[in-house]
Amino acid sequence: MPKPRPLVAGNWKMNGSKASAAELGKILQGAGETAGKVDLMVCPPATLILAFAAATRDSPVQIGGQDCHAEPAGAFTGDISAEMLADAGAVAAIVGHSERRTYHKETDAEVRAKARAALRAGLTAIVCIGETREEREAHKTLDVVALQLDGSLPDGATAANVVVAYEPVWAIGTGLTPTPADVADVHGFIRRRLAERFGAEGEGIRILYGGSVKPANAKELMAVAEVNGALVGGASLKADDFLGIAAAYRD
Ligand code: 13P
């Protein structure tokens, strides 16, 4: 399978308001530079998906959600289903982000059910995994990543319907990043495991790196083998930074 086209996705987390349409507009203005070379996605809070999907129609920028419920509908106050995200114009849903695993105690089984729901609704599931600082210091990174991968990925994952995001918890929002050699170790391990479980499709599933990606370090991270893009938090809130990161993945 040919090397997958990079994906740079911005996870806005719980940030943004109607006024953020202006920042999205700046992203749209710059998106032409990377069109055809890098896929761009913005994952705003759920309140903005409908408007952002309308604003990005016929553009190279796609819209994703940040989470979904496993069920398609029902008595789940405050939750949003994958079908609702698709209805609002999203094409993907992040599932299993470390903030949801930590603050909402989501387990691998729950993350897998959410990923399955995303596929059921025709969305791409962006499945997040990654070790804590304690786990890294105890040399358990690959064990943790293996368990999360096995437990969180749905059967039937393909290069088209699943993206894996490796986000070391200790690198999120801290300005710290693993060394390129450490990223290469983990991404290479993930690739082998995907290929074992999903065959040729596993060779094509994109593996994003996430955690303190900035324009200044994007090129170095993109150069690492088996890094197929980035999941960007803080830096995705500023159009210039987000586009600067995408530019590193363009050449
Ligand atoms: P930062 O880029 O702010 O470190 O966040 C990464 C992240 O959690 C993306 O999902």
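What about Arg101, is it open to solvent by 50 Å² or more (accessible area, probe 1.4 Å) and without any contact (Cβ under 8 Å) to a residue 60 or more places away in the chain? No: the conditions fail for Arg101.
Can you say whether Leu237 is within 13 Å of the ligand (Cβ to nearest atom), under 12 Å from the mean Cα position of the chain (by Cα) and at pLDDT 95 or above, as far as the supplied structure shows?
no
Between residues in segment 115-133 that are over 14 Å from Gly156 (Cα atoms) and residues that are within 16 Å of the ligand (Cβ to nearest atom) and modelled with pLDDT under 95, which pairs lie under 8 Å by C-beta distance while being six or more apart or on different chains? Cβ pairs passing all conditions: none. Counting residues in segment 77-93 that are within 16 Å of the ligand (Cβ to nearest atom) and not in a loop (DSSP other than H, G, I, E, B) gives one or more. If the condition is being assigned to a helix (DSSP H, G or I) and surrounded by 19 or more Cβ atoms within 10 Å (Cβ to Cβ), then segment 223-236 contributes Ala235, Ser236. Report yes if some residue within segment 120-129 is in contact with a Lys or Arg (Cβ under 7 Å, 6 or more places away or on another chain) and at negative phi; otherwise report no. Taking every residue of segment 120-129 in turn, none turns out to be in contact with a Lys or Arg (Cβ under 7 Å, 6 or more places away or on another chain) and at negative phi.
Residues of segment 55-78 that are loosely packed, with under 14 Cβ neighbours inside 10 Å and within 17 Å of Leu40 (Cβ to Cβ): Arg57, Asp58. Within segment 201-222, if we keep just the residues that are of a type in the set (A, V, I, L, M, F, W, C) and modelled with pLDDT of 95 or more, the residue that is surrounded by the fewest Cβ atoms within 10 Å (Cβ to Cβ) turns out to be Ala216.
Here is a check on your reading of the model: is Val91 surrounded by 14 or more Cβ atoms within 10 Å (Cβ to Cβ), without any contact (Cβ under 8 Å) to a residue 60 or more places away in the chain, in contact with a strand residue (DSSP E or B) (Cβ under 6 Å, 6 or more places away or on another chain) and not polar (S, T, N, Q)? It is true that Val91 is surrounded by 14 or more Cβ atoms within 10 Å (Cβ to Cβ), without any contact (Cβ under 8 Å) to a residue 60 or more places away in the chain, in contact with a strand residue (DSSP E or B) (Cβ under 6 Å, 6 or more places away or on another chain) and not polar (S, T, N, Q). A count restricted to segment 1-42 and to residues that are of a type in the set (Lys, Arg) and modelled with pLDDT under 95 stands at 3.
Checked across segment 179-192, the condition of being among the aromatic types (Phe, Trp, Tyr) and open to solvent by less than 30 Å² (accessible area, probe 1.4 Å) holds for no residue. Put simply, of Ala113, Ala157 the only residue that is more than 16 Å from the ligand (Cβ to nearest atom) and open to solvent by less than 10 Å² (accessible area, probe 1.4 Å) is Ala157.
Per this entry, Ala125 is counted among residues that are assigned to a strand (DSSP E or B) and either more than 16 Å from the ligand (Cβ to nearest atom) or more than 17 Å from Trp12 (Cβ to Cβ) (or both).
None of Ala171, Ala165 is of a type in the set (Gly, Ala, Ser), within 16 Å of the ligand (Cβ to nearest atom), in contact (Cβ under 8 Å) with a residue 60 or more places away in the chain and open to solvent by less than 30 Å² (accessible area, probe 1.4 Å) except Ala165.
The values are calculated or read from the model by the stated rules, or taken from the named source; none is laboratory data. This is a predicted model, so every value here is computed, not measured. Neighbour counts are summed over all protein chains in view; Cβ atoms, including those assigned to glycine, are modelled from backbone coordinates with ideal geometry. SASA here: full protein model, heavy atoms, side chains in, ligands and nucleic acids out. Shrake-Rupley method; radii C 1.70, N 1.55, O 1.52, S 1.80 Å.
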